[in-house]
Amino acid sequence: MPLHIAIIMDGNGRWAKRRKLPRIAGHTKGIESVRTIVTECRRLGIKHLTLYAFSHENFSRPEEEVAALMELLTQYLRIEEQEMIDNQIRLSAFGDISLLPDETRQALEDVKKATMSQEGMRLNLALNYGGRQEILTAAKSIAIDYASGSIQLESLSEADFSSRLYSYDQPDPDLLIRTSGELRVSNFLLWQIAYTELYITDVLWPDFREKELQDAIAAYQSRTRKFGRVVE
Ligand code: FPP
């Protein structure tokens with residue numbers, strides 16, 4: 001079993017367009033997939049699940065779509081809080097949440113606090129997240145510590161760098177799933193996916209449910225992970 005699964009949840013807009021529905025109907029349906037996949041990952045014993053819910057760049061979408069996504073996210077958090085506690089799920093946020101609307105940020109803070117001692121599974125929501133921004137922030141913090149004399153560059157390791165990322169206390173993803181067929185990583189977890197296995201499916205996110213997750217895990221289990229080495 002992969003220890004950590006990360007997912008780029010793409011295709012909500014296309015799902016809605018095919019049905020001649022507004023884009024937001026796709027996001028609403030996408031939330032059902034989020035619930036299903038969180039529950040299924042917990043049932044399968046996955047220890048870390050990271051969902052790309054809103055990228056740094058998504059803020060440049062039309063204002064109504066951004067507002068509707070934030071509203072959906074806030075509702076999701078309020079409704080799921082007890083469910084997360086009951087299922088020993090600990091919530092974290094990856095990204096600069098200071099720019100999210102007050103209600104969304106408050107809901108996140110409340111659920112993070114309410115679930116902070118849960119140990120069954122880590123659920124990380126990437127919100128206003130960008131991989132390059134995350135790496136740049138880490139680099140700046142190193143520059144500050146170097147300038148103040150608190151670190152030596154010669155001894156700075158990859159682990160030291162990792163410890164300055166949102167994922168500081170979690171392993172790198174073993175499996176990255178992207179729905180709806182695009183062959184790119186879209187600024188997601190750039191540092192962390194160095195040796196992650198990629199799985200891309202044409203299934204749109206609102207249609208991605210238990211069976212599709214199990215297929216992705218089976219594909220992962222058939223791979224040989226080499227981490228740059230020769231495997232006989
Ligand atoms: C990509 O589809 C999806 C998003 C930008 C948002 C993902 C959000 C959700 C699934 C709902 C909220 C999340 C949580 C965790 C409660 P797209 O709009 O880019 O689709 P398209 O490429 O087909 O237009």
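Every condition in (1) within 7 Å of the ligand (Cβ to nearest atom); (2) of a type outside the set (Lys, Arg); (3) more than 22 Å from LEU183 (Cα to Cα) holds for GLY11 except the one numbered (3). Scan region 32-48 and give yes if some residue there is of a type in the set (Gly, Ala, Ser), modelled with pLDDT of 95 or more and closer than 22 Å to ILE217 by Cβ, otherwise no. For region 32-48, residues of a type in the set (Gly, Ala, Ser), modelled with pLDDT of 95 or more and closer than 22 Å to ILE217 by Cβ: present. Scanning region 108-134 for residues that are over 16 Å from GLU57 (Cα atoms), touching a residue at least 12 places away in the same chain (Cβ under 8 Å) and in a helix (DSSP H, G or I) turns up LEU108, ASP110, VAL111, LYS112, ALA114, THR115.
Return the pair list, or none, for Cβ contacts closer than 7 Å from residues in region 183-194 that are part of a loop (DSSP other than H, G, I, E, B) to residues that are among the basic types (Lys, Arg), at least 6 apart or on different chains. Cβ pairs passing all conditions: ASN187/ARG132; LEU190/ARG132. Taking region 43-65 as the range and being more than 10 Å from the ligand (Cβ to nearest atom) and either under 19 Å from ARG14 (Cα atoms) or surrounded by fewer than 19 Cβ atoms within 10 Å (Cβ to Cβ) (or both) as the test, the residues that pass are ARG43, LEU44, GLY45, LYS47, PHE59, SER60, PRO62, GLU63, GLU64. Restricting to region 190-232, name every residue that is away from the ligand (no atom under 16 Å from the Cβ) and among the basic types (Lys, Arg). The answer is LYS211, ARG223, ARG225, LYS226, ARG229. Tell me which residues, restricted to region 66-81, are β-branched (Val, Ile, Thr) and surrounded by 15 or more Cβ atoms within 10 Å (Cβ to Cβ). Across region 66-81, the qualifying residues are VAL66, THR74. What residue, among those in region 162-182 that are within 16 Å of the ligand (Cβ to nearest atom) and part of a loop (DSSP other than H, G, I, E, B), is surrounded by the most Cβ atoms within 10 Å (Cβ to Cβ)? Result: THR179.
Taken together, the residues in region 1-56 that are under 15 Å from the mean Cα position of the chain (by Cα) and within 21 Å of ALA67 (Cβ to Cβ) amount to 11.
The values are calculated or read from the model by the stated rules, or taken from the named source; none is laboratory data. In this text, all values refer to a predicted model and were calculated from it rather than measured experimentally. Note that we place each Cβ from the backbone using ideal geometry, even for glycine, and neighbour counts take in every protein chain shown.
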